[in-house]
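**Q** Provided herewith is a single structure, encoded as structure tokens, for subsequent inquiry.
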Amino acid sequence: IFNAIEKRDNDGLPPLPRSFDFHSIRNWLEITRNDLEPAARAIQPAIGKALSVLNKAGAGFARMSGSGATCFGLFETGNVAKRAAAEIRSRQPDWFVAATRSLTSEAD
């Protein structure tokens, strides 16, 4: 992946938002990028499929993490994430799928 990167002089990312609620993080992520994603998607089309599946399951935002070992989706509540994980797991039984809580949120 690292050898396939075409551009290495990208601008820095904007500062993190002051609050870490769903909307602030989603909005921040929407104006950021993963510089490795285009190269990783070209090498491994399954990344694009995973992102498409996450979006179809209702993710408010989906992206490849790091150099492509995983993809993630942000869901507004834990219950929505759990339902999406169950749906994805039923349609993609060979995938590892887990609903997790990565930000503090209201109890579901």
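The values are calculated or read from the model by the stated rules, or taken from the named source; none is laboratory data. What you see is a predicted model; the values in this text were computed from it and never measured. Here Cβ is always computed from backbone atoms with ideal geometry, including for glycine, and neighbour counts include all displayed protein chains. Remember, those area values only see protein heavy atoms, side chains included, never the ligands or the DNA or RNA. Shrake-Rupley method; radii C 1.70, N 1.55, O 1.52, S 1.80 Å.
**Q** Test GLY12 against the criterion of being modelled with pLDDT under 90, outside any helix (DSSP H, G or I) and open to solvent by less than 50 Å² (accessible area, probe 1.4 Å), and give yes or no. Can you show your working first?
**A** Details: modelled with pLDDT under 90: yes; outside any helix (DSSP H, G or I): yes; open to solvent by less than 50 Å² (accessible area, probe 1.4 Å): no.
Answer is no for this residue.
**Q** Failed condition for PHE20, given (1) part of a helix (DSSP H, G or I); (2) among the aromatic types (Phe, Trp, Tyr); (3) in contact (Cβ under 8 Å) with a residue 60 or more places away in the chain, with all others met?
**A** So PHE20 meets the others, but not (1).
**Q** Give the residues of the stretch 69-79 that are open to solvent by 30 Å² or more (accessible area, probe 1.4 Å) and not in a loop (DSSP other than H, G, I, E, B), sorted by residue number. Walk me through how you get there before you give the answer.
**A** Keep residues of the stretch 69-79 that are open to solvent by 30 Å² or more (accessible area, probe 1.4 Å), which gives 69-72, 75-77, 79.
Within the stretch 69-79, THR70, CYS71, PHE72, ASN79 qualify.
**Q** Sticking with this structure for a sec: Regarding the stretch 50-68, can at least one residue be identified that is modelled with pLDDT of 95 or more and farther than 27 Å from ILE1 by Cβ?
**A** yes
**Q** Pairs under 8 Å by beta carbon, first residue open to solvent by 90 Å² or more (accessible area, probe 1.4 Å) in the stretch 89-103, partner in a loop (DSSP other than H, G, I, E, B) and modelled with pLDDT of 95 or more, six or more apart or different chains?
**A** Within 8 Å, the pairs are ARG89/TRP95; ARG89/VAL97.
**Q** Mind listing just one residue for me: the one in the stretch 31-68 that is hydroxyl-bearing (Ser, Thr, Tyr), outside any helix (DSSP H, G or I) and out of contact with any helix residue (DSSP H, G or I) (no Cβ under 8 Å at 6 or more places or on another chain) and, of those, least open to solvent (accessible area, probe 1.4 Å)? Please lay out each step first, then the result.
**A** Applying the first criterion (hydroxyl-bearing (Ser, Thr, Tyr)) to the stretch 31-68 yields 32, 52, 65, 67.
Cutting the leftovers down to outside any helix (DSSP H, G or I) gives us 32, 65, 67.
Adding the requirement that they be out of contact with any helix residue (DSSP H, G or I) (no Cβ under 8 Å at 6 or more places or on another chain) leaves 32, 65.
Numbers: THR32: 18, SER65: 35 Å².
Within the stretch 31-68, the match that is least open to solvent (accessible area, probe 1.4 Å) is THR32.
**Q** Additional query: Report the residue count in the stretch 81-98 for those that are over 15 Å from the mean Cα position of the chain (by Cα) and either within 16 Å of ALA59 (Cα to Cα) or in a helix (DSSP H, G or I) (or both).
**A** Residues in the stretch 81-98 being over 15 Å from the mean Cα position of the chain (by Cα) and either within 16 Å of ALA59 (Cα to Cα) or in a helix (DSSP H, G or I) (or both): 7 in total.
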